Amino acid sequence: MAFLSSPEFWIALSQIILINIVLSGDNAVVIALACRSLPPRQQKKAIIFGSVGAILLRVVLTFFAVYLLTQPYLKLVGAALLLWIGVGLLKGDDGEEEMEGHSNLAAAIKTIVVADLVMSLDNVIGVAAAAKGNVPLLVFGLVISIPLIIFGSTLILKLMNRFPVIITIGAALLGWVAGEMTLTDPAVHDFVETHHYLHNILPALGAATVVAIGKWMSRAAAPVPANQPAA
């Protein structure tokens with residue numbers, strides 16, 4: 001435990017916490033989006049269990065992050081998955097009003113864990129760099145970020161209930177992150193660097209795609225009024 005008295009330990013820990021605060025905002029958004037349709041009691045469970053599960057997976061991912069992110073096409077696959085998650089969240093309920101509450105809770109937790117895993121590919125690189133190979137520091141820094149993410153998602157969830165437009169903004173953010181993730185994949189890095197305009201176009205295109213498809217699917221899934229024929 002001698003490392004606890006080391007100034008370098010506390011400086012690095014402060015850096016890890018700061019990285020998590022700065023980079024976990026979009027993670028808090030996806031947690032809040034995934035939980036918005038659950039009853040209040042289940043919302044708390046989904047936020048806690050989903051956040052803890054996501055952080056534990058992030059610890060594991062961090063150990064392999066440097067190697068994984070040098071492999072081509074990994075971020076492209078992650079970006080596609082993130083777009084799919086964003087569209088699904090914006091679409092909302094799938095119409096199964098009779099679905100059992102536990103199934104909804106499990107689905108929300110699964111969405112939180114998968115989305116956090118995808119969105120944390122860049123986050124874990126910064127955390128690993130700050131930890132400088134110190135495993136206890138790495139684990140402690142990631143675990144301490146759990147209450148930060150839980151608080152942020154709880155706050156956003158309350159705001160969503162008052163301002164539904166935040167749901168659309170949050171889904172668009174997921175699309176934006178997917179576009180940014182695409183830009184940094186090793187398979188397309190050289191091409192992107194010779195076409196700098198893509199740094200602005202791809203994130204905006206990702207956001208617009210999620211909102212457009214999500215809204216379209218939401219309208220298509222909406223029940224048809226009894227006095228109107230189905231399309």
Under 16 Å by backbone N from the virtual spin label 7 Å along Cα-to-Cβ at Ile169, the residues of region 33-64 are 33
Glu8-Val143 FRET efficiency (beta carbon distance; Förster radius 22 Å; 0.05 resolution): 0.65
With θ set to phi - 60° and the Karplus curve 6.51 cos²θ - 1.76 cosθ + 1.60, what are the ³J(HN,Hα) couplings of region 175-188 in order, to the nearest whole Hz, using x for Gly and Pro? x, 4, 4, 4, x, 5, 5, 4, 4, 9, 5, x, 5, 10
On average, how much area does the Cα convex hull of region 149-202 cover when viewed from any direction, in nm²? 4.7 nm²
With each label point set 7 Å from Cα along the Cα-Cβ vector, what nm distance links Val192 and Lys215? 2.7 nm
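Bear in mind these aren't lab numbers, they're just calculated from the coordinates by the rules spelled out. All values derive from a computational prediction rather than experimental measurement. As a convention, Cβ positions derive from the backbone with ideal geometry for all residues, glycine included, and neighbour counts pool all protein chains shown.
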